[in-house]
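The next block holds one structure in the form of structure tokens; read it before the comments.
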Amino acid sequence: MRKLIIHRKNSFIGRLLVALIICDGLIIGSIRSGETTEVAIDNNRHTIYCVADVPGEYGGSNRKTSDVIQVSEGTSNINMEFSVGFTFKLSLI
């Protein structure tokens, strides 16, 4: 097992949004502004991204999705950073 460590930058834009962390189509955690989340994942290849529902017009919402990251097989921990602005950005660090 290895750790997936995601840090979300503290930002005024999107401060109230809770983003879901998705790994291979399954929700494995959530992250708020300024938090760092650690999740144990196996050593296989994975597809990782974040999503959040952003309030829209007339009381509706729009689902926004971050960049999709393909993580290769291995045993080393994976460090990522998630930022919320006018777009959602997920990147390896």
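The values are calculated or read from the model by the stated rules, or taken from the named source; none is laboratory data. No experiment lies behind these values; they were computed from the predicted model shown. We place every Cβ from the backbone using ideal geometry, glycine too, and count neighbours over all the protein chains shown. Surface accessibility is based on the protein's heavy atoms, side chains included, excluding ligands, DNA and RNA. Shrake-Rupley method; radii C 1.70, N 1.55, O 1.52, S 1.80 Å.
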- Message: Please compute the length gained on full extension between T36 and S91, using 0.36 nm multiplied by the number of residues separating them and subtracting their Cα-Cα distance.
- Response: 18.4 nm
- Query: By how many nm would the segment from M1 to D24 lengthen if fully extended, with 0.36 nm per residue of separation less the alpha-carbon distance?
  - Reply: 6.7 nm
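If you count only protein heavy atoms with a 1.4 Å probe, what accessible area per residue comes out for the chain, rounded to a whole Å²?
Working: 5690 Å² over 93 residues.
Accessible area per residue: 61 Å².
Taking the convex hull of the alpha carbon atoms in the chain, what volume per residue do you get, in Å³?
On the way: hull volume 7.7 nm³, N = 93.
Spelled out: Cα convex hull of the chain, divided by residues, is 83 Å³.
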- When the charge dipole of the chain is computed with +1 on Lys and Arg Cβ and -1 on Asp and Glu Cβ about the Cα centre, the Cα farthest towards its positive end, among A40, S66, L16, belongs to L16
- Between D53 and I13, with labels modelled 7 Å along Cα→Cβ, what's the label distance in nm to one decimal, could you check? 2.3 nm
- What is the spin-label model distance, in nm, from N79 to D67 if the labels are put 7 Å beyond Cα along the C-beta direction? 1.6 nm
- Note on the structure: The ³J(HN,Hα) series, computed from each phi in region 11-18 with the Karplus coefficients 6.51, -1.76 and 1.60 at θ = phi - 60°, rounded to the nearest Hz and given as x for glycine or proline, is 9, 5, 5, x, 4, 8, 6, 9
